[in-house]
1. Tell me, which residue of the range 1-32 that is of a type in the set (Gly, Ala, Ser) and within 12 Å of the chain's Cα centre (by Cα) is surrounded by the fewest Cβ atoms within 10 Å (Cβ to Cβ)?
2. Taking the condition of being in a helix (DSSP H, G or I) and either of a type outside the set (A, V, I, L, M, F, W, C) or over 19 Å from Arg42 (Cβ atoms) (or both), how many residues in the range 88-99 meet it?
3. Return only the number of the condition from (1) touching a residue at least 40 places away in the same chain (Cβ under 8 Å); (2) more than 22 Å from Asp25 (Cα to Cα) that Asp73 does not satisfy.
4. With the structure loaded, tell me whether Ala137 is in contact with a strand residue (DSSP E or B) (Cβ under 6 Å, 6 or more places away or on another chain) and surrounded by fewer than 21 Cβ atoms within 10 Å (Cβ to Cβ) or whether it fails that test.
5. Can you spot a residue in the range 61-80 that is buried (at least 18 other Cβ atoms within 10 Å of the Cβ), touching a Phe, Trp or Tyr at 6+ places or on another chain (Cβ under 6 Å) and not hydroxyl-bearing (Ser, Thr, Tyr)?
6. Please go through the range 100-119 and pick out each residue that is closer than 15 Å to Asp81 by Cβ and either touching a residue at least 60 places away in the same chain (Cβ under 8 Å) or outside any helix (DSSP H, G or I) (or both).
Amino acid sequence: MSPLDPRELLADPAQAGAYFIDARDARALADAAADLDYAVARVDFAGCAGKDEALQRIARALRFPEWFGGNWDALNDSVNDLSWWPAPGYLLLIEHAGAWQSQYADEATILVEILNDAAQDWAKARVAFWALLPLPAADLAKMAP
């Protein structure tokens, strides 16, 4: 049995969502998304302090318009729009998010929920919206039930 081509996975909007992944897979997935001509946005959460800074970093990476309100509702509205950055699909790579997730667990939960909801909404239009949060393998293993 041959391994799944990451492009096949990423091309399926029904599979899209917000996922914690092994950091070693991040580059291959970003490259596969670029091969599909997806809009690829990288957000570095290293040293990120709280919700407001996280939202600012995401807004910059996804090229949000100036009217972005800097709150959860505005993030929800913006990730469900993206009309300023038309693409056949989207990949948001939120790197170095482990420490932020640990320190701001409630905010991290809200962020993942918003990104998952956006992926489901985009899937209705047959557009893949992926939000990947790469973690070191050891940290990822700790999350497993």
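1. Ala26
2. 1
3. Among (1) touching a residue at least 40 places away in the same chain (Cβ under 8 Å); (2) more than 22 Å from Asp25 (Cα to Cα), the lone unmet condition for Asp73 is (1).
4. Yes, satisfied.
5. no
6. Scanning the range 100-119 gives Leu115, Ala119.
Bear in mind that the values in this text are calculations on the coordinates, not laboratory data. Not measured: the values here are computed from a predicted model. Cβ coordinates were reconstructed from backbone atoms using ideal geometry, including for glycine residues, and neighbour counts include every protein chain displayed.
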